[in-house]
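The values are calculated or read from the model by the stated rules, or taken from the named source; none is laboratory data. Remember, it's a predicted structure, so these values are computed and weren't measured experimentally. Neighbour counts are summed over all protein chains in view; Cβ atoms, including those assigned to glycine, are modelled from backbone coordinates with ideal geometry. We work out accessible area using only protein heavy atoms, side chains counted, and drop any ligands, DNA or RNA first. Shrake-Rupley method; radii C 1.70, N 1.55, O 1.52, S 1.80 Å.
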Amino acid sequence: MRPLATVPGGGGRRKAGAAAAAAASREWLVVPASGRARVEEAGKHAVMARTGLPARDLRVLDPLLSYPSTILGRERAIVVNLERVKAVITAAEVLLPNSKDPDFAQFVRDLQARVIASSGQAAEFTDIEGESSAIASPFPAPSSSKGHELEMAKRTPDAVGGMTHSSSVPTLATLKDGSTKVLPFEFRALEVCLESACRSLEEETGTLEKEAYPALDELTSKISTLNLERVRQIKSRLVAISGRVQKVRDELEHLLDDEMDMAEMYLTEKLAQQDISETSSRVEADDHDPSQLEEGGDEDYRSEPDGTNVSFAGYKPNIEELEMLLEAYFVQIDGTLNKLSHLREYVDDTEDYINIMLDDKQNQLLQMGVMLSTATVVVTAGVAVVGLFGMNIGISLYNPATPDETRAAHVKFWETTFGTIAGCTILYIVAMGWGKRSGLLQ
């Protein structure tokens, strides 16, 4: 590296450059095929050089950006973004953005356990908290990384060839013809990612079901503001979880429908095929005349493509084992989506039942309003009669001259009073009977 010249104000620029470099770099947890994880710090360009990924693929792993669930198969790596699982899988190791999340720690332990059980090596688990066991070292050069991938890809199948299954999930894929084949390292890592994502969504779905069904049943028995608020929150969570599960299911379905994307994920076989091609080219080169090799040596060296850009368009591996792996988790995530669909139907049925109950209450209130209005009209008719007799008019009924007229006036008064009350009652009964007969009242 060329030393920097000392210029006025150069200290500020150097500090700004150092701050920018520190901001560009981040910690990565690297889990190789041996299972001994380590923490490394590297920038975006170092990761791109190591994995051969473009910058747009690394943006999928940025925690500050929101990307849907994605599984990308590239020339030398697989990019996984499923729920909380964000990883770059190569043929020899898994790169994980380091995090202090307990779920991330559990995922790393599962990944190490799977890798160690598959490779048959006894390795200590790494302390995820990143203290004494964390090794901060720069990423190696791309060429050495590529050779390391090829070497680990060759050793991994040999190390696990004698094993039939790990402690939890089989490491041998049973093909449709009855034969078995050892899953390569990238598929075992991908399986852990899928298992972690599916398990996380399954647990959230189970927790939501345990809370939702009792709350909905309580709401049907007693409609209250508190119960309605609980159901509203549950429905919001249901919509959010259903969307996340649907995205994972759609991504797996897209992969199963596209054989080219699945073929891109066979990193170990592509490296082995590349090694065979390089060996064949070397043998062909040795068969040529040395003098011709000297003349065209420099030109061949200039025209030789970079190892990171080698294309395997003509190479078509047998995708049966990956297809079976993806189908297994597709069925699992589809079952989770079916549970959420049943829960959504139960919520919709409960809402319909609540609406029916509320409509019935509203109809009862309307009927009560009609009855009170009719009673008001009838009473008003009685009040009109009372008003007629309450006018200040001089008649003999109000001014009896003899005791007989007084007794007759009293009798007429009570006859008028009880007659008015009876007439209003009969009028109200007739109105109610007509309303029920016409179907306006129940």
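Kindly indicate whether Thr417 is touching a residue at least 24 places away in the same chain (Cβ under 8 Å) and surrounded by 12 or more Cβ atoms within 10 Å (Cβ to Cβ). Considered against the rule, which asks whether it is touching a residue at least 24 places away in the same chain (Cβ under 8 Å) and surrounded by 12 or more Cβ atoms within 10 Å (Cβ to Cβ), Thr417 comes out as no.
State whether one or more residues within the stretch 373-394 are in contact with a Phe, Trp or Tyr (Cβ under 8 Å, 6 or more places away or on another chain), open to solvent by less than 60 Å² (accessible area, probe 1.4 Å) and polar (S, T, N, Q).
Within the stretch 373-394, one or more residues are in contact with a Phe, Trp or Tyr (Cβ under 8 Å, 6 or more places away or on another chain), open to solvent by less than 60 Å² (accessible area, probe 1.4 Å) and polar (S, T, N, Q).
Give me the residue from the stretch 397-439 that is in contact with a helix residue (DSSP H, G or I) (Cβ under 7 Å, 6 or more places away or on another chain) and in a loop (DSSP other than H, G, I, E, B) and, out of that set, modelled with the highest pLDDT. Restricting to residues being in contact with a helix residue (DSSP H, G or I) (Cβ under 7 Å, 6 or more places away or on another chain) and in a loop (DSSP other than H, G, I, E, B), the top hit is Pro400.
Among the residues of the stretch 360-371, is any open to solvent by less than 50 Å² (accessible area, probe 1.4 Å) and assigned to a helix (DSSP H, G or I)? Quick ask: steps written out before the conclusion?
Our first condition is that a residue be open to solvent by less than 50 Å² (accessible area, probe 1.4 Å); within the stretch 360-371, this holds for 367, 369.
Those still in the list that are assigned to a helix (DSSP H, G or I) too: 367, 369.
Yes: the stretch 360-371 contains one or more residues that are open to solvent by less than 50 Å² (accessible area, probe 1.4 Å) and assigned to a helix (DSSP H, G or I).
The residues listed here are Asp258, Asp349; of these, the one that is among the charged types (D, E, K, R) and at pLDDT 90 or above is Asp349.
Looking across the stretch 251-275, the residues that are free of Cβ contacts under 8 Å to residues at least 24 places away in the same chain and of a type outside the set (A, V, I, L, M, F, W, C) come down to His254, Asp257, Asp258. Looking at this structure, is Ser303 within 42 Å of the chain's Cα centre (by Cα), modelled with pLDDT under 65 and open to solvent by 60 Å² or more (accessible area, probe 1.4 Å)? Taking the combined requirement at face value, the residue does not satisfy it. Scanning the stretch 213-228 for residues that are part of a helix (DSSP H, G or I), open to solvent by less than 70 Å² (accessible area, probe 1.4 Å) and free of Cβ contacts under 8 Å to residues at least 24 places away in the same chain turns up Ala215, Asn227.
Looking across Ser280, Ser236, one residue alone is assigned to a helix (DSSP H, G or I), surrounded by fewer than 18 Cβ atoms within 10 Å (Cβ to Cβ) and modelled with pLDDT under 90. It is Ser280.
Can you find a residue that is surrounded by 13 or more Cβ atoms within 10 Å (Cβ to Cβ), over 30 Å from Arg114 (Cβ atoms) and modelled with pLDDT of 90 or more anywhere in the stretch 205-212? Yes, some residue in the stretch 205-212 is surrounded by 13 or more Cβ atoms within 10 Å (Cβ to Cβ), over 30 Å from Arg114 (Cβ atoms) and modelled with pLDDT of 90 or more. Selection over the stretch 194-204 of residues that are farther than 14 Å from Ala113 by Cβ and crowded, with 18+ Cβ neighbours inside 10 Å gives a count of 6.
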